[in-house]
Amino acid sequence: MAGGSSPSPAAAPVQVRCAGCRGVLAVGPGVTEFICPKCRMAQRLPPQLMPKSTSSSSLSPPPKSPAKPSFPPPTQPRKGAPPAQGVDPTKIQLPCAHCQAVLNVPHGLARFRCPQCGVDLAVDHAKLQNFLASSNSAPPSGPAPASGLTTQVSPVPFLPILPPGVAQPLQPVAGVTIPMVLPAVEPEEINEVAIDVEREEDEGGTVGETFTDYRPPKLSLGLPHPDPVVETSSLSAVQPPEPTYNLNIMDELDDTKALSCLQIETIVYACQRHLHHLPTGDRAGFFIGDGAGVGKGRTIAGLIWENWQQGRHKAVWVSVGSDLKYDAQRDLDDVGAKCVQVHPLNKLPYSKLDSKAIGIKNGVIFVTYSSLIASSERGRSRLQQLVQWCGHEFDGLLVFDECHKAKNLIPDAGSQPTRTGKAVLEIQEKLPEARVVYCSATGASEPRNLGYMVRLGLWGEGTSFHNFTQFLGALEKGGVGALELVAMDMKARGMYVCRTLSYKGADFDIVEAPLEERMMNMYRKAAEFWAELRLELISASEFFAEEKGNSNQIWRLYWASHQRFFRHMCMSAKVPAVVRLAKEALAENKCVVIGLQSTGEARTEEAVTKYGVEMEDFVSGPRELLLKLVEENYPLPPKPDSFQQGEEKVTEIQRKRHSALDVSFKGRVRKVAKMVDVSDDDTDDYSPSESDHESTESDEEFHMCQICNTEEEKSLLLHCSGCSRHVHPSCLTPPWTGMMTDDWACYTCKIVEDEEKEQDAHVADFSKRYDAALEKKLKILDIIRSLDLPNNPLDDIIDQLGGPDNVAEITGRRGMLIRASDGKGVVYQARNAKEVSMEMINMHEKQQFMDSKKLIAIISEAGSAGVSLHADRRAKNQRRRVHITLELPWSADRAIQQFGRTHRSNQTSAPQYRLLFTNLGGEKRFASIVAKRLESLGALTQGDRRAGPSLSAFNYDSNYGKRALTMMYRGIMEQDSFPVVPPGCSDDEASIQAFINEAKAALVSVGIIRDAVACNGKDGGKLSGRIVDSDMHDVARFLNRLLGLAPNIQNRLFDLFTSILDVVLHNARIEGQLDSGIVHIKAKNAEMKESPKTVHTDSLSGALTVLFTFTIDRGVTWESAKAMLDERQKDGAGSSNDGFYESRREWMGRRHFTLAFEGSTEGMYKIIRPAIGEALRDMPLTELKSKYRKVSSMDKVSKGWQEEYDASSKQCMHGSKCKIGSYCTVGRRLQEVNILGGLILPVWGTIEKALAKQLVDLIRRHGFLPIFCIGPSMVC
């Protein structure tokens, strides 16, 4: 504070909206550059909030690190929201022509709405060049102009570098026409065709075929695989390195033909990879990602046999179950390795494996993941036993079969790494020379699950990522597109193969099972009960106000039970649909497999314990869950009897202490006078028989004062009725002057007596409170018992489909409830019969299904691991399988494993998958989890997110979903307006307000809105409250809690959320920020503009990173269009409405022409345009006829088609008067595409820096941002 100047009021923090997440930030005084702590976007203050520059401030250096602004309270009213928004340096800053607010405009965006005033705007690109030139000519330093329209900001090191000469974001300067205009309303100039094309191009690039038929691209060894095998089209575009390894067992394989060409290719590349070492010194590993049924087990057996021939006679095979040991031995025998013995570790003692007692010198040690973390009572672990047997110089095979079991090595925040994950990592560290093979169809369902694959060399020394954390951050930042690149990169470096059985012929259908009326009422009443139970628990939890841990535990159990309860309800709601679909399949001569996760065994066993083995009806899982929650966790005050017993013990101790110590009432401690022994002389005349009576009378007449220890007549001493002490009235302090009564009590006993009376009253009050609370608890339990709730779905389905005689149950439960023989009630019995043991019951049931003795099978994860239920050519039951998913698994890899039970090699027909969902919005929470994992799983392990079943429509838990949820919450809390009209509402304010009030009440009932208070006065009837910051973007919690609402408001809230999400996705797509991942660039012609440039060569595999530049032609010539129509008419496949059409509305004196013909769906027409070829979406016939009219004159069509084709090579569809001019690409036939192909991960960091640095340079050089793709070295 030079000069003693005092701080000015202007030094207070300023509020600004983040340019990314639009959250309100408080920026400290003097700070002009900052990073949003939520979305991590680097930005600057807008010009109107910049501090006025002074001579001293202009010389001050920029801050060393970006400041982290703090957030104001979340419930800031809408009126107080700051109008200014942060400056995003990666975009152009232009002022709104209406409100003059400076907006962050993405490069190339032509039309949009101002977020401040809501006015529709258009960028006048005809004036943009002068505007940019004027911005660049602004002086780089010095005071701001008098107009105050510019403010100089020093460059910030952490922001992307701007074009030369620009030291600030592009902003308007004095004297320059602002290139932001209100769009002119010229109805006669509206080009409907251009609008349609622009909308289609906004939706993203065309999508090609997901899979392509697979054959080894660089090997011609072995016979073709017995079943059709495919690879994702994105992975097929990547070429593996040249094979250089020669197999020792190849001659033997030529004779036996035990392995297919795919399996031989895997062995070659795995052995070739194992010849290399990573920069860390560890031997490089290999990842087999083949899908279920391709034959991974036999491939592993071939690897073991090849290494055996090379003199490596020890191998470790880690798998999921001990029963698979027999499959391993069978596979080894099949490939000719009958001399290689498989030793199950769980059957062996913990001593040394190569000792004389055990004597295992070589062979395969087969160990399960459970055994890997096991240890003996003496502390010796299986892992130590394995390492000792292998030795530290071990260079044999270490196979992690079904390696997804180790995926939780790097868990989510707040969780701990699993012991399995740590054990897998530890054994790799202790055996650095081991030839590691990771084997799983679902090795990584999300990026963090790659953490245990340390031998792939994707991070660490010699890579772009110093550690796994940095690698994980880059993938999460890059989105699913980055994950797709990982799989492609691994294949290009020769460390990964991923083929899968063709799903051709398999159907994936999402079937909606609407709630029946009874179930709807049942669900609504259950939701109301849970809301009331929550209020009861809030009230009862006050007893635990001082024990926060107990209260928190209650709420954790409450919400966990809440989720489990409504998941049971959703399952039960689908039972009628399951039964219907199953009976339809049986009628069509098919068989049925029903997949679920939870069997309800725990609830059933609890009910059997309480009610016995004979019951009136099947157990209701939801009811038993509720009863258990309330019985075990409803808060009660301390029981009065235990409280009273404790107080009585205290009182007794006090009394004993009072009588044991001779403490004077004056506070002096006196010693009790010892009794003087009577002398012999005094006893001469003593005769007990004569003097006993007199002695007794003497004792009763005289007593010792307990204070002064003097003997006194009884009548002169006070006798305490409490402690039985005798004292002189004058010895007391203060002396006693009252009457001497029989019920007199000393001062100490009187205090105790008063305390006892008070305590009695206290105990009585506690007893009353306890009785009231207990009565309330019993009343709640009675209500639960009276609720109409569904039965256990598993028992219900088996019963409705004919009982255990018709349904094969392959689950993990031990017992089941079946209908009694007389039809009255149900009986609990063990699943296994006398002739079948419990261990073999699932295999027995599976065989019953495969032998057609039972045509329906119900499987759970616990019972179906490794089970094959497909239409095997060797089995008697070769009916087509209809696989119904009553309950989706929690994780994508488990879903894939369940789907793989019915889709395997050597099958006569592919299965039909029926994925069941109710029409409840909340149930889609479960679909959201699995869809998100399936999407990233397909991207990680197959290089293409489209490779999994089509559940992408249910992926709500994404960054876009979080943004949409925040917008919805802000609308409900009346902090912002909704971007869409809520479902069931009209545009009037009253209906929207009624919905807001209903939504608030619903969110209060499920704990989303907290501290709710009913308003008075003019806002009477409204609710106020708050939503904590952590809940504002927690999609999982929203969808979880949504389950507990009545179906009507549940569906309305979910529909509002998805509608807002559609808006968010549309805006992101327009701004070019949507993570669309790998997209096929479809063109009639692609020409390489210049020679490819090699930018990187991998040191291990020799794989290249190459930059390609193409010019693509998307158009369709008149000759091609005419030939397409002639061919359809020749084949007789066309309809009467097929043909050429012209637009009804003219545009600048001419009309647009198009070719339309009916597609696969009746009434939907494919559209072919001269400039862009086939449109992405089919057009309904009504829309086609409203916008176009059919043309019969071929000369007219030919001339118009050719003119449009020629003009579109250099011009967009808007014509010469397009306001964006040559920068516009809508409907332009020729486009430039830059593709970075080949190896990407090693140059990942360089790519990120280069893109950030050259972003603005590319725009200035080309006038628009050229399409820049990162992907395979091929254009499809």
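Which of the residues spanning region 598-608 are out of contact with any helix residue (DSSP H, G or I) (no Cβ under 7 Å at 6 or more places or on another chain), surrounded by fewer than 18 Cβ atoms within 10 Å (Cβ to Cβ) and over 11 Å from Tyr828 (Cα atoms)?
Looking only at region 598-608, we keep the residues that are out of contact with any helix residue (DSSP H, G or I) (no Cβ under 7 Å at 6 or more places or on another chain), and these are 598, 601-602, 604-605, 608.
Among the residues that remain, those that are also surrounded by fewer than 18 Cβ atoms within 10 Å (Cβ to Cβ) are: 602, 605, 608.
If the condition is that a residue be out of contact with any helix residue (DSSP H, G or I) (no Cβ under 7 Å at 6 or more places or on another chain), surrounded by fewer than 18 Cβ atoms within 10 Å (Cβ to Cβ) and over 11 Å from Tyr828 (Cα atoms), then Ala602 is the only one that fits.
Quick check on region 1022-1036: of everything there that is of a type in the set (A, V, I, L, M) and part of a loop (DSSP other than H, G, I, E, B), which residue is nearest to Gly971 (Cα to Cα)?
The first filter runs over region 1022-1036 and keeps only residues of a type in the set (A, V, I, L, M), leaving 1023, 1027-1028, 1032, 1035-1036.
Adding the requirement that they be part of a loop (DSSP other than H, G, I, E, B) leaves 1027-1028.
Numbers: Ile1027: 12, Val1028: 15 Å.
Applying the filter and picking the extreme gives Ile1027.
Yes/no per residue for (1) basic (Lys, Arg); (2) surrounded by fewer than 19 Cβ atoms within 10 Å (Cβ to Cβ):
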residue: Glu1127; (1), (2): no, yes
residue: Pro1170; (1), (2): no, no
residue: Ser1192; (1), (2): no, yes
residue: Lys1196; (1), (2): yes, yes
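If I ask for residues that are more than 22 Å from Lys876 (Cβ to Cβ), assigned to a strand (DSSP E or B) and not aliphatic (A, V, I, L, M), which ones from region 900-920 would you list?
Correct list: Tyr913, Arg914, Phe917, Thr918.
Among all residue pairs at least 6 apart or on different chains, which show Cβ distances below 7 Å where the first residue, located in region 1188-1215, is closer than 16 Å to Leu1230 by Cβ and the second is of a type in the set (Ser, Thr, Tyr) and at pLDDT 90 or above?
Tyr1205/Thr1117
What pairs come out if I take residues in region 1162-1178 that are over 21 Å from Thr1117 (Cβ atoms) and pair them with residues that are among the β-branched types (Val, Ile, Thr) whose C-beta lies under 7 Å away, six or more apart or interchain?
From region 1162-1178, the pairs are Asp1178/Thr1161.
Of the residues in region 1114-1140, how many are hydroxyl-bearing (Ser, Thr, Tyr) and touching a helix residue (DSSP H, G or I) at 6+ places or on another chain (Cβ under 7 Å)? Walk me through it before giving the result.
Step one: of region 1114-1140, the residues hydroxyl-bearing (Ser, Thr, Tyr) are 1117, 1120, 1135-1136.
Pick out the ones that are also touching a helix residue (DSSP H, G or I) at 6+ places or on another chain (Cβ under 7 Å) and you get 1117.
Within region 1114-1140, residues that are hydroxyl-bearing (Ser, Thr, Tyr) and touching a helix residue (DSSP H, G or I) at 6+ places or on another chain (Cβ under 7 Å) number 1.
Search region 1104-1113 for residues being in contact with a Leu (Cβ under 9 Å, 6 or more places away or on another chain) and surrounded by fewer than 22 Cβ atoms within 10 Å (Cβ to Cβ), and hand back the single one that is modelled with the lowest pLDDT.
Only one residue fits best here, namely Leu1104.
Can you run down the residue pairs with Cβ atoms below 6 Å, 6 or more apart or on separate chains, where the first is in region 837-860 and without any contact (Cβ under 8 Å) to a residue 60 or more places away in the chain and farther than 16 Å from Ala875 by Cβ and the partner is part of a helix (DSSP H, G or I) and of a type outside the set (Asp, Glu)?
That search, which allows pairs on different chains as well, returns Asn842/Gly863.
So, of the residues in region 1129-1161 that are surrounded by 13 or more Cβ atoms within 10 Å (Cβ to Cβ), of a type in the set (Gly, Ala, Ser) and farther than 25 Å from Gly1215 by Cα, which turns out to be nearest to the chain's Cα centre (by Cα)?
Looking at the filtered set, the residue picked out is Gly1159.
Of all the residues that make up region 310-327, how many are under 28 Å from Gly421 (Cβ atoms), of a type outside the set (Lys, Arg) and surrounded by fewer than 23 Cβ atoms within 10 Å (Cβ to Cβ)?
Counting residues in region 310-327 that are under 28 Å from Gly421 (Cβ atoms), of a type outside the set (Lys, Arg) and surrounded by fewer than 23 Cβ atoms within 10 Å (Cβ to Cβ) gives 7.
Run down Ala1068, Ala1083, Ala1121 and say which single residue is at pLDDT below 85, under 20 Å from Arg1229 (Cα atoms) and of a type in the set (A, V, I, L, M).
Sole residue among the options that is at pLDDT below 85, under 20 Å from Arg1229 (Cα atoms) and of a type in the set (A, V, I, L, M): Ala1083.
Starting from region 287-302, take each residue that is within 19 Å of Ser868 (Cα to Cα) and list its partners that are in a helix (DSSP H, G or I) and of a type in the set (Phe, Trp, Tyr), counting only C-beta distances under 9 angstrom and pairs at least six apart or across chains.
Pairs found: Ala292/Phe899.
Which condition breaks for Ser355 when tested against (1) surrounded by 14 or more Cβ atoms within 10 Å (Cβ to Cβ); (2) among the hydroxyl-bearing types (Ser, Thr, Tyr); (3) more than 39 Å from the chain's Cα centre (by Cα)?
(1)
So which strands (runs of 3 or more DSSP E) are wholly in region 1-44 and hold at least 1 residues that are modelled with pLDDT of 70 or more, of a type in the set (A, V, I, L, M, F, W, C) and loosely packed, with under 12 Cβ neighbours inside 10 Å?
Fully inside region 1-44 and qualifying: nothing.
The values are calculated or read from the model by the stated rules, or taken from the named source; none is laboratory data. In this text, all values refer to a predicted model and were calculated from it rather than measured experimentally. Quick reminder, even Gly has a Cβ in these numbers, built from the backbone with ideal geometry, and neighbours come from all protein chains shown.
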